[in-house]
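What follows is one structure encoded as structure tokens, with my remarks underneath.
The values are calculated or read from the model by the stated rules, or taken from the named source; none is laboratory data. Values in this document were obtained by computation on a predicted structure and should not be read as measured data. Virtual Cβ from ideal backbone geometry, glycine too; neighbours counted across all protein chains shown.
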């Protein structure tokens, strides 16, 4: 049986819709009354695991799910051994450096050396500031990163920006983009190699409805 | 002005109630319509930061909050340089090893060497299994850890157990406790040392209403 890891939150509805178009109906998972974390497809030939965004690459890397849907931001942060199969196109956002609007900084390179940068994505942030050759003190936060500059815990943040509303509401502005992120279809490399054809068929169907 | 970091989620209501009894009214923060992450006290002499459980020690360690309320489980996992001031008594739960009820394991030491253990608290788990001299392969998950044994990604989990309902609902049983956890009042060590008396007064008032 094919097991697919789907992320709770913003990407879920689009992911379920895309699988439905490709022939696997997991709509029971988006039912508001659903409390199950493992949901069979309507046809019974597959099942979905409903997990946190950040746990999708774990289940796929360990092979408990042969396929998964997850944001490129998470893949880039975690660097797990999963195969990126398709850019699904939805869930678009950008990873950006943001500062207080009232600050004098307008490019990442303007930030003072050894300043503090708060982020949920400290590996992405570290790579970016390394490439700029700007040493910064990274502070790992798990939520509400926009509080960093407001409380003075950090001069800047590195965070996902979709509409930009959270930044504006908190008097912050994005000054530089690290990369653009969208939802990706990922797979367990060994499962793909040992595939009897059914995985390949599903990936092709997903590619068909994505194009 | 005194800044207090309060945790979103299960501990929030009790924390607000305890501060109210000690003379600081942050009840605006528990208003369902509240969207602010920084809320002044009713008297205006203090403010609360509403942050994720796991971020409370960060704000206190960096001194952006002089005081904070957070579970002992988080303190034990993060090992940050914050002063533990009071055991507030509420939010009681235990950190436990759990396995599938149908498994043959009834003590942590029964687990096979090099088996997989999933947890949000991988540092606590590593220390525990180190002390047992049992090498395990720890898998860090960020949520729904109970899926670990159900999907076969891990033989066991280490997780917080309050009522035990989540374990029962998923056919798991706790077989051993690592430690008991309750909410703690923590402080920034330097802020406490440089205190002009107001922090000490508040901590004593909190101790008074806790006893």
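Things to note:
- Filter pass, residue A:44 being in a loop (DSSP other than H, G, I, E, B), more than 14 Å from chain B (Cβ to nearest Cβ), at pLDDT 95 or above and surrounded by fewer than 22 Cβ atoms within 10 Å (Cβ to Cβ): no
Conditions tested, residue by residue: (1) farther than 19 Å from residue A:61 by Cβ; (2) within 14 Å of another protein chain (Cβ to nearest Cβ); (3) within 23 Å of the chain's Cα centre (by Cα).
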| residue | (1), (2), (3) |
| --- | --- |
| B:112 | yes, no, no |
| B:116 | no, yes, no |
| B:127 | yes, no, yes |
| B:134 | yes, no, no |
| B:140 | no, yes, yes |
| B:145 | no, yes, yes |
| B:148 | no, yes, yes |
| B:151 | no, yes, no |
| B:162 | yes, no, yes |
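- Residues in segment A:31-41 that are in contact with a helix residue (DSSP H, G or I) (Cβ under 9 Å, 6 or more places away or on another chain) and either farther than 17 Å from residue A:3 by Cα or surrounded by 19 or more Cβ atoms within 10 Å (Cβ to Cβ) (or both): A:34, A:35, A:39, A:41.
- Residue satisfying all of: in segment A:169-188; within 14 Å of chain B (Cβ to nearest Cβ) and in contact (Cβ under 8 Å) with a residue 40 or more places away in the chain; surrounded by the fewest Cβ atoms within 10 Å (Cβ to Cβ) among these: A:171
- Options B:138, B:134, B:150: the member that is outside the structural domain of residue B:10 (by TED's automatic domain parsing) and modelled with pLDDT under 95: B:150
- Hey, residue A:20 more than 20 Å from residue B:151 (Cβ to Cβ), away from every other protein chain (no Cβ under 13 Å) and surrounded by 15 or more Cβ atoms within 10 Å (Cβ to Cβ) or not: yes
- Flag for residue B:108 being over 27 Å from residue B:66 (Cβ atoms), surrounded by fewer than 18 Cβ atoms within 10 Å (Cβ to Cβ) and either touching a strand residue (DSSP E or B) at 6+ places or on another chain (Cβ under 6 Å) or in the same structural domain as residue B:6 (by TED's automatic domain parsing) (or both): no
- Filter pass, residue B:166 being touching a helix residue (DSSP H, G or I) at 6+ places or on another chain (Cβ under 9 Å) and either within 14 Å of chain A (Cβ to nearest Cβ) or in contact (Cβ under 8 Å) with a residue 24 or more places away in the chain (or both): no
- Scanning segment A:12-41 for residues that are assigned to a loop (DSSP other than H, G, I, E, B), touching a strand residue (DSSP E or B) at 6+ places or on another chain (Cβ under 6 Å) and without any contact (Cβ under 8 Å) to a residue 60 or more places away in the chain returns A:26, A:37.
The rows are residues; the columns are (1) touching a strand residue (DSSP E or B) at 6+ places or on another chain (Cβ under 6 Å); (2) closer than 26 Å to residue B:55 by Cβ; (3) assigned by TED's automatic domain parsing to the domain that holds residue B:110.
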{"position": "B:167", "(1), (2), (3)": "yes, no, yes"}
{"position": "B:175", "(1), (2), (3)": "yes, no, yes"}
{"position": "B:197", "(1), (2), (3)": "no, no, no"}
{"position": "B:200", "(1), (2), (3)": "no, yes, no"}
{"position": "B:204", "(1), (2), (3)": "no, no, no"}
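- Candidates B:14, B:25, B:33, filtered to the one that is modelled with pLDDT under 95 and more than 12 Å from every other protein chain (Cβ to nearest Cβ): B:33
- Test: residue in segment A:183-191 that is closer than 27 Å to residue B:38 by Cβ and outside any helix (DSSP H, G or I): no
- Residues located in segment B:133-148, provided they are within 16 Å of residue B:107 (Cα to Cα) and surrounded by 15 or more Cβ atoms within 10 Å (Cβ to Cβ): B:134, B:136
- Restricting A:70, A:82 to residues that are away from chain B (no Cβ under 12 Å) and within 11 Å of the chain's Cα centre (by Cα) narrows the list to A:70.
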